[in-house]
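Undergrad: The following block contains the structure, expressed as structure tokens.
The values are calculated or read from the model by the stated rules, or taken from the named source; none is laboratory data. Predicted model, so just to flag it, every value in this text is computed and none were measured. Virtual Cβ from ideal backbone geometry, glycine too; neighbours counted across all protein chains shown.
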Amino acid sequence: MSISSSTSIEPIGVITCKAAVAWGPGEPLVMEEVEVSPPQPMEIRIKVVCTSLCRSDVTAWQSQAIFPRIFGHEASGIVESVGEGVTEFEVGDRVLTLFTGECMSCKHCTSTKSNMCQVLGLERKGLMHSDQKTRFSIKGKPIYHYCAVSSFSEYTVVHSGCAVKVSSRAPLEKICLFSCGVAAGLGAAWKVANISEGSTVAIYGLGTVGLSVAQGAKLRGASRIIGVDINTGKSEIAKAFGVTDFINPDDCSESVHQVVKRITDGGADYSFECVGDTETITTALQSCCDGWGLTVTLGVPKVTPLISTHYGLFLSGKTLTGSLFGGWKPKSDIPSLIDMYLRKEIKIDELITHNMPFEEINQAFNLMTEGKCLRCVIHMPK
Ligand code: NAD
Ligand code: ZN
């Protein structure tokens, strides 16, 4: 048995704290006193500092069946205690949580081609990877996790492979956005599509994910960045993130892919689906050009998980690919994105439209459901 040298060898106990528990699909979250168990071997317990709401939380809350549950997967915090065998983290370290982890040794982690860790990849059952149990309970009854992160709680337990240490200079109330949406969008543009200078880009959905794709495309020198959203209110902020042409499909007299094809001389070099709607994947494919057009789909659909599209789109040389967390290897790559932010090479502050205390978390769910926010950052009690 080994315990990190800097941590106390006192036994680590159960913590009781406030968490926002979802008891059923679409039901407002309820502030509950939950017991948070000590970190198990190779796990850490984190005092959450800030956590932002991502569309994926809302989609799962509305459409999945695992309850009671604690959502939240974009978060920053401070390590409160470490489990047996953890040498990478010490009490007091500043961290970001990772909804898809990196074990550093599986076939995928050791390949340069993938970020789909076989050991700590996206967890879908509401349990911890290592023992298929929960670390939260109320009066002994288990409360399920979300993506093995569950940051809508004052304290949470994550596998040490599902957290990354961050610079002491990085503001925790901002950089929580790198835990998911911002990194997912930038990586889709840079790592997955590898957008080249002068190319044309069409982006469907201009939330935090789509705007981060736009920022990535702009920094790569794309000549034209077409943003498509059913909410015209997104057009101003879209410009600030590099979108050169805004289209609301509801204002078009022809189908939106035809508009994109017309203004890009036959189709965009790259298109991105950042809505979470499988029909939009087809539209995005139809919007990119023959021969080399590449569509990257990032969205997580609430309904209709199957894609249906004409085979001819592929025969004409288009490619469809998906992207989880922008293809980044989370532990290895996220610190350099944060450094870019600290050097002011990428911007994220403008994506934070609301800040609110933890008690008002339902307001964040309302704002996102109504399409009235980009990221709401929820501040946990000090
Ligand atoms: P968001 O809700 O903030 O943004 C979605 C945008 O799509 C909104 O501006 C909305 O008005 C627009 N929209 C809705 N229907 C549309 C349509 N038919 N055509 C065009 N625009 C439409 O969401 P977000 O947080 O930016 O996330 C976007 C998607 O990406 C979600 O599905 C989310 O679950 C997913 N996501 C994926 C990853 C990943 O790693 N792949 C990471 C984070 C989020
Ligand atoms: Zn997310």
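Undergrad: Tell me yes or no: at least one residue of segment 30-37 is assigned to a loop (DSSP other than H, G, I, E, B), touching a strand residue (DSSP E or B) at 6+ places or on another chain (Cβ under 9 Å) and either of a type in the set (A, V, I, L, M, F, W, C) or not assigned by TED's automatic domain parsing to the domain that holds K165 (or both).
TA: No, that holds for no residue.
Undergrad: Right, here's the next one. Check segment 200-208 and report whether any residue there is farther than 23 Å from K18 by Cα and more than 16 Å from ligand 1 (Cβ to nearest atom).
TA: Within segment 200-208, one or more residues are farther than 23 Å from K18 by Cα and more than 16 Å from ligand 1 (Cβ to nearest atom).
Undergrad: May I pose another question? Name the residue that is farthest from S235 (Cα to Cα), counting only residues in segment 246-267 that are surrounded by 23 or more Cβ atoms within 10 Å (Cβ to Cβ) and more than 15 Å from ligand 1 (Cβ to nearest atom).
TA: This residue is G267.
Undergrad: Among what's in segment 109-161 and is of a type in the set (A, V, I, L, M) and under 17 Å from M31 (Cα atoms), pick the residue that is nearest to the chain's Cα centre (by Cα).
TA: I143
Undergrad: Can you pull out every residue in segment 229-281 that is over 20 Å from E350 (Cβ atoms) and in contact with a Leu (Cβ under 8 Å, 6 or more places away or on another chain)?
TA: If the condition is that a residue be over 20 Å from E350 (Cβ atoms) and in contact with a Leu (Cβ under 8 Å, 6 or more places away or on another chain), then D269, Y270, S271, E273, T278, I281 are the ones that fit.
Undergrad: Separate question: Select from segment 252-265 the residues that are in contact (Cβ under 8 Å) with a residue 12 or more places away in the chain and in a helix (DSSP H, G or I) and list them in ascending order.
TA: V256, H257, V259, V260, K261, I263
Undergrad: Additional query: I'd like to check something: does segment 332-355 contain any residue that is among the hydroxyl-bearing types (S, T, Y), surrounded by 23 or more Cβ atoms within 10 Å (Cβ to Cβ) and not assigned by TED's automatic domain parsing to the domain that holds P171?
TA: The answer is no, given that none of the residues of segment 332-355 is among the hydroxyl-bearing types (S, T, Y), surrounded by 23 or more Cβ atoms within 10 Å (Cβ to Cβ) and not assigned by TED's automatic domain parsing to the domain that holds P171.
Undergrad: Any residue at all in segment 278-288 that's assigned by TED's automatic domain parsing to the domain that holds F241, assigned to a loop (DSSP other than H, G, I, E, B), more than 16 Å from ligand 2 (Cβ to nearest atom) and more than 30 Å from S105 (Cα to Cα)?
TA: The answer is no; no qualifying residue exists.
Undergrad: Within segment 61-93, how many residues are among the aromatic types (F, W, Y) and outside any loop (DSSP other than H, G, I, E, B)?
TA: 1
The rows are residues; the columns are (1) surrounded by 24 or more Cβ atoms within 10 Å (Cβ to Cβ); (2) β-branched (V, I, T); (3) touching a Pro at 6+ places or on another chain (Cβ under 9 Å); (4) farther than 15 Å from K329 by Cβ.
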site: G92; (1), (2), (3), (4): no, no, no, yes
site: L96; (1), (2), (3), (4): yes, no, yes, no
site: C103; (1), (2), (3), (4): no, no, no, no
site: M116; (1), (2), (3), (4): no, no, no, no
site: P142; (1), (2), (3), (4): no, no, yes, yes
site: F152; (1), (2), (3), (4): yes, no, no, yes
site: P171; (1), (2), (3), (4): no, no, no, yes
site: C176; (1), (2), (3), (4): yes, no, no, yes
site: W190; (1), (2), (3), (4): no, no, no, no
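Undergrad: I'd like the residue in segment 212-240 that is aliphatic (A, V, I, L, M) and outside any helix (DSSP H, G or I) and, out of all such residues, is farthest from L294 (Cα to Cα).
TA: To start, the set of residues in segment 212-240 that are aliphatic (A, V, I, L, M) comprises 213-214, 217, 219, 222, 225-226, 228, 230, 237-238, 240.
Next, only the ones that are outside any helix (DSSP H, G or I) stay: 222, 225-226, 228, 230.
On the way: A222: 14, I225: 14, I226: 15, V228: 17, I230: 23 Å.
In this case the residue turns out to be I230.
Undergrad: While we're here: All but one of (1) within 16 Å of ligand 1 (Cβ to nearest atom); (2) without any contact (Cβ under 8 Å) to a residue 60 or more places away in the chain; (3) not assigned by TED's automatic domain parsing to the domain that holds R375 hold for A148; state the number of the condition that does not hold.
TA: (3) is the only condition that A148 fails.
Undergrad: Considering only segment 94-103, how many residues are assigned to a loop (DSSP other than H, G, I, E, B) and either of a type in the set (V, I, T) or farther than 16 Å from S151 by Cβ (or both)? Give the derivation first.
TA: Initially, segment 94-103 is screened for residues assigned to a loop (DSSP other than H, G, I, E, B), giving 98-103.
Narrowing further to those that are either of a type in the set (V, I, T) or farther than 16 Å from S151 by Cβ (or both): 100, 102-103.
So the count comes out to 3.
Undergrad: Still on this structure, I have one more. Counting just the residues of segment 153-211 that are of a type in the set (F, W, Y) and assigned to a helix (DSSP H, G or I), which one comes out nearest to ligand 2 (Cβ to nearest atom)?
TA: The residue in question is F178.
Undergrad: Taking G85, is it under 16 Å from E123 (Cβ atoms) and modelled with pLDDT of 95 or more?
TA: Considered against the rule, which asks whether it is under 16 Å from E123 (Cβ atoms) and modelled with pLDDT of 95 or more, G85 comes out as no.
Undergrad: Which members of segment 90-119 meet the condition of being closer than 22 Å to I175 by Cα and not polar (S, T, N, Q)?
TA: Scanning segment 90-119 gives E90, V91, G92, D93, R94, V95, L96, L98, F99, G101, E102.
Undergrad: Also, quick follow-up: Return the pairs, sorted by first residue and then second, in which the second residue is within 14 Å of ligand 1 (Cβ to nearest atom) and in a helix (DSSP H, G or I), the first residue lies in segment 51-80 and is polar (S, T, N, Q), the beta carbons are less than 7 Å apart, and the residues are 6+ apart or on different chains.
TA: T51/C176; S52/C176; S52/L177; S76/C176
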